[in-house]
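The values are calculated or read from the model by the stated rules, or taken from the named source; none is laboratory data. What you are looking at is a predicted structure, and each value in this text was computed from that prediction instead of being measured. Cβ sites come from the backbone with ideal geometry, for glycine too, and all protein chains shown count toward neighbours. SASA here: full protein model, heavy atoms, side chains in, ligands and nucleic acids out. Shrake-Rupley method; radii C 1.70, N 1.55, O 1.52, S 1.80 Å.
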Amino acid sequence: MSSPASHDPAGLLAQWWAAHTTVDGDDVLPAAERLAITAPFGQSWPGLAPSRKTATNADQLAGEYAQAFLTDRPQSRLGLVIAASGAEALTAAGWAGPCNYDDDTAKFSAVIADWEHRFGTRVVAVGFSTLHLSVAAPPMTQEDALLVAAEHFAFCPDNMRQGSRPHTLAAYAERLTGAHNWDFWWD
């Protein structure tokens, strides 16, 4: 595994976007349906969502979300990892949640570290193939949420392809607007 510091989050997201929006002959969906998922961007990477300032204390919000998470899932267990941040803890612990897409967790940690700075995210929980983040500064407009949704699709396409219907960036963006937690699941 590499180091999160050796990766450019914007470059990774653009690269993953290109890989997840490529249409080829082996697709289950016809090209038009596949590209409708990522409309209005299609195959064109829209770039990063703008940073958001927050009046919410990111660490306090993470504690509140962790408490709610534990209430909903009392079987959860505490794990301690020596790391400067939750993003770095994923790499230090050797978490392999998105291994079906890339087996270098440091790449995902680099993106999460960027989200820590831009949106005040904190890693609250991880599972075998799941990641749960608190978000102190979520997108508040549909326009910003659409850009964040594009980042999420690049980061974890299963959230959209296999998540709640309809399977589109626009529908996913509606769920992100004002949401103080982001959950990811890789198949």
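Brief remarks follow.
- Subset tally (residues that are open to solvent by 30 Å² or more (accessible area, probe 1.4 Å) and closer than 27 Å to residue 95 by Cα) for region 15-50: 4
- Listed by position, the helices (runs of 4 or more DSSP H) enclosed by region 111-187 that each have at least 1 residues that are in contact (Cβ under 8 Å) with a residue 24 or more places away in the chain, aliphatic (A, V, I, L, M) and touching a strand residue (DSSP E or B) at 6+ places or on another chain (Cβ under 9 Å) are 142-155, 169-176.
- Residue in region 165-182 that is within 12 Å of the chain's Cα centre (by Cα), within 27 Å of residue 75 (Cβ to Cβ), surrounded by fewer than 22 Cβ atoms within 10 Å (Cβ to Cβ) and charged (D, E, K, R) present: no
- Subset tally (residues that are open to solvent by less than 10 Å² (accessible area, probe 1.4 Å) and among the small types (Gly, Ala, Ser)) for region 121-146: 4
- Selection count, region 33-60, where residues are of a type in the set (Gly, Ala, Ser) and closer than 13 Å to residue 21 by Cβ: 4
- Any pair with Cβ under 9 angstrom, 6 or more apart, that starts in region 48-62 at a residue that is over 22 Å from residue 9 (Cβ atoms) and ends at one that is part of a helix (DSSP H, G or I) and acidic (Asp, Glu): none
- Filtered by the rule that a residue be open to solvent by 80 Å² or more (accessible area, probe 1.4 Å), part of a loop (DSSP other than H, G, I, E, B) and not aliphatic (A, V, I, L, M), region 52-74 gives 53, 57, 73, 74.
- In a residue-by-residue description of region 80-98, the property of being open to solvent by 50 Å² or more (accessible area, probe 1.4 Å), in contact (Cβ under 8 Å) with a residue 60 or more places away in the chain, closer than 21 Å to residue 139 by Cα and of a type outside the set (Val, Ile, Thr) applies to no position.
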